[in-house]
Amino acid sequence: MGVKNIRFLRGVDFRAMTQFCHLCQTQQLAKSAEQLQIARSGLSETVRFLENQFKLKLFRRANKKFLPTETALVLSNGFQQLGLLESFARRNANTPHHELSWIKIRFPVHFYCGHLSGAFFQSLYQCAEEFPKTLFWPEFTNSYFEGGLTTEGWEPEWYKISQSDIVISGQSGHLLRNGFQQTGRWVILHAQGVPLGQASGVQEIRQHKLILPRMPWSILQQATNICAENDFSFEYDEKDYIQLLSAPPGNHKVVLLNEIFLDPMFDSHWKITPLSCEERAVMQIVHYDEHPVLRYFEQVFSQSLNRVEGDRHDFQPGTSLRQWHYFDRVLATGSMRQAAHELFLAQPAVSTQIRNFEQTLETVAINRKKGSRSMDVTSSGLFLADMAKGMQETLDHLETYVSSQQLQQYRHLTLGVLPSVDVHSKLSELIVNQVAKWQQYYPDVRLEIIEDKQNVLTALLRSQHIHLAFIETKVPWLIQDSVSVPEEMGVVISPALLQAIDAGKKKKLGWPDIKHYPLVLPRRGSGLRTLIDQHCFEQGIVLQAEVESDSLNINQRWIVEGKYATILPQSAADSLIQAGQAVFLPLHPSLKRILRLSYLKNRPLNDVEKNLIDFLRFRIEAYSDLN
């Protein structure tokens, strides 16, 4: 539950988000400052603060415009979602649960800028005013891919009315008979110096190489079909069409685009010429049923699209993101005192913030029992907890996205590795040889290596303090790629201790045979210890270590002195074995260790991370020759 992972958003509040989203829409500092009734210097300071906070470039300054980057536009989507939740919470903090409802509206993520995006969010806020007890909740669909990829997340626990999808299609045969729809012709965008007629014909176009920017999959398919049927020469541009057309055109740039995507925010130097072809694209709203609320949204959205300028329905926050964070911690811990301890604050400060939070919402979320440390969460508090959960998932998504963008921009990769003291170990060879070889292909990538125990590395992955980590056991909430061949584990013991316990006579050593060995093993919870314990459990035996130690240097010294034996992969003690200070005894049935390069399931990988994983995966066969 709740808003707990807001490290990169710490210090960012709803008001800064509102200003940021407004500037993304207008792209004009003076206009946004005037409409928000704040000083231009204050708005400019907000932009600088956010860029410093995220360590990312969010706007390009050109021709007196603030052109939002793709990162900024994705962030604005998430900020708008947070605004919708905060507004709904303020309106309904005291509304009975059975009177609440919600509607899901799926919206293509490529409309995250300019007129279409502005019309969409204005429609949501206007509908919220008309139906204050209904949450109009957007779900963004990434239609840049075939079939579309939807980021599904939090959904309210109360009654769902229905769903509407704003969709686009490159096939006119899929038009609806009734309801909102907007068709678009294909046009050519070019510099003024490119000679094209009023309606460009096939022969004129063949003299140029068309640029197809990144656009929704269905529209891109129609564009390539048009080029193929008319024998047009074309090339793909990885830039999103909004980013491409926000900049002035080059002298020879000719871009093919559907007029559905034309936006007043495009650079004014682009000239638009219709293309002579019959193909059309269509944008339409698909309702899952005929509920009047859905029809009202359709009507408002259509009106917003046709309105050049009008009354804005902006997010006006009453609470702060920090208050939501404090409220969540109080509910999660069940105690003001414990929440204050986690937040590194004095208890009166937390209590004051919760009281102000409740006063703003004009409700009582938590009943304090006098003379008791326990507290009761009211029905209003449960509703607000659900709102906090929605904010949490939105913030998690934004944090994951920002983390991936930081990696892409700064070419910085943080890699977690397990401790190892033997220079010949598989892990050492993997880092020293294979990762070092990979880095030769990417000399601009700054590699940072963090060495720690497996439970620490998995915690760092979860909190997104590191990007990737080598670990030994399977973890259900991670994606794990095997990057080493299976390596046999066995007893590592000094020759003197082996002779003293008279174990050298057995030809095949089983796990029950070592129960009486003086063993030093890693503490429970470490990767190797988990592998050992699981393997023993499957055989119905329990190994009792005389000493549990995570200090590899101390463990190695005890082995050399003949005080204890241990269980390790053979390569982890290779130097001792080669020096004659220890021997390796295989165990039956065998237990094998595999190193897995791991990362969070729900975090999109950057190209740098993908390339490292592919590089190591394709070299697994070579690892068998390392030892």
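The values are calculated or read from the model by the stated rules, or taken from the named source; none is laboratory data. The structure presented is a predicted model; accordingly, all values stated were derived computationally and were not measured. Positions of Cβ are backbone-derived with ideal geometry, glycine not excepted, and every protein chain shown enters the neighbour counts.
Residues in region 481-495 that are at pLDDT 90 or above and either outside any strand (DSSP E or B) or within 18 Å of the chain's Cα centre (by Cα) (or both): Ser494, Pro495.
Considering every residue within region 316-333, establish whether at least one is without any contact (Cβ under 8 Å) to a residue 24 or more places away in the chain, farther than 30 Å from Asn606 by Cβ and not assigned by TED's automatic domain parsing to the domain that holds Asn455. Among the residues of region 316-333, at least one is without any contact (Cβ under 8 Å) to a residue 24 or more places away in the chain, farther than 30 Å from Asn606 by Cβ and not assigned by TED's automatic domain parsing to the domain that holds Asn455, which makes the answer yes.
I'd like to check something: does region 578-591 contain any residue that is within 20 Å of Ser484 (Cα to Cα), touching a His at 6+ places or on another chain (Cβ under 6 Å) and in contact (Cβ under 8 Å) with a residue 12 or more places away in the chain? Yes: one or more hits. Among the residues making up region 313-342, those that are within 27 Å of the chain's Cα centre (by Cα), part of a helix (DSSP H, G or I) and not aliphatic (A, V, I, L, M) are Arg322, Gln323, Trp324, His325, Tyr326, Phe327, Asp328, Arg329, Thr333, Glu342. For Ile559, the conditions (1) modelled with pLDDT under 90; (2) in a helix (DSSP H, G or I) all hold with the exception of (1). Candidates Ser526, Ser463: the one that is polar (S, T, N, Q), farther than 20 Å from Leu612 by Cα and not assigned by TED's automatic domain parsing to the domain that holds Arg603 is Ser526.
In region 442-458, what count of residues is obtained for those that are in a loop (DSSP other than H, G, I, E, B), closer than 11 Å to Ile471 by Cβ and among the hydrophobic types (A, V, I, L, M, F, W, C)? Of the residues in region 442-458, 0 are in a loop (DSSP other than H, G, I, E, B), closer than 11 Å to Ile471 by Cβ and among the hydrophobic types (A, V, I, L, M, F, W, C).
When Leu384, Leu343 are screened for being at pLDDT 95 or above and out of contact with any Cys (no Cβ under 7 Å at 6 or more places or on another chain), only Leu384 passes. Within region 39-54, the residues that satisfy the criterion of being surrounded by 13 or more Cβ atoms within 10 Å (Cβ to Cβ) and within 21 Å of Leu395 (Cα to Cα) are Thr46, Val47, Phe49, Leu50, Glu51, Gln53, Phe54. Of the set (1) at pLDDT 85 or above; (2) within 28 Å of Arg106 (Cα to Cα); (3) crowded, with 16+ Cβ neighbours inside 10 Å; (4) in contact with a helix residue (DSSP H, G or I) (Cβ under 8 Å, 6 or more places away or on another chain), all apply to Leu331 but (2). Note on region 432-473: among residues that are among the acidic types (Asp, Glu) and modelled with pLDDT of 85 or more, the one that is surrounded by the most Cβ atoms within 10 Å (Cβ to Cβ) is Glu472. Residue under question is Ile211, and the condition is that it be assigned to a helix (DSSP H, G or I), in contact with a strand residue (DSSP E or B) (Cβ under 8 Å, 6 or more places away or on another chain) and either farther than 19 Å from His115 by Cα or not charged (D, E, K, R) (or both); does it hold? Against the criterion (assigned to a helix (DSSP H, G or I), in contact with a strand residue (DSSP E or B) (Cβ under 8 Å, 6 or more places away or on another chain) and either farther than 19 Å from His115 by Cα or not charged (D, E, K, R) (or both)), Ile211 does not qualify. Among residues of region 534-553 that are more than 12 Å from Leu519 (Cβ to Cβ), those with a beta-carbon under 9 Å from a residue that is polar (S, T, N, Q) at least six positions away or on a different chain give the pairs Gln534/Thr473; Asp550/Ser526; Leu552/Ser420.
Residues that are at pLDDT 90 or above and out of contact with any strand residue (DSSP E or B) (no Cβ under 6 Å at 6 or more places or on another chain) do not occur anywhere in region 263-283. Only residues that are under 20 Å from Lys453 (Cα atoms) and either assigned to a loop (DSSP other than H, G, I, E, B) or not aliphatic (A, V, I, L, M) (or both) were counted across region 510-534, and they come to 10. For region 230-242, the criterion of a residue being under 25 Å from Cys24 (Cβ atoms), among the aliphatic types (A, V, I, L, M), in contact (Cβ under 8 Å) with a residue 12 or more places away in the chain and assigned by TED's automatic domain parsing to the domain that holds Ser268 is satisfied by at least one position. Screening region 220-246 for residues that are touching a strand residue (DSSP E or B) at 6+ places or on another chain (Cβ under 7 Å) and in a loop (DSSP other than H, G, I, E, B) and picking the one that is farthest from Lys64 (Cα to Cα) gives Phe232. The residue that is nearest to Met265 (Cα to Cα), among those in region 23-52 that are in contact with a Phe, Trp or Tyr (Cβ under 7 Å, 6 or more places away or on another chain) and part of a helix (DSSP H, G or I), is Leu23. Is it the case that region 11-18 has a residue that's in a helix (DSSP H, G or I), in contact (Cβ under 8 Å) with a residue 12 or more places away in the chain and farther than 22 Å from Leu135 by Cα? Scanning region 11-18, I find at least one residue that is in a helix (DSSP H, G or I), in contact (Cβ under 8 Å) with a residue 12 or more places away in the chain and farther than 22 Å from Leu135 by Cα, so the answer is yes.
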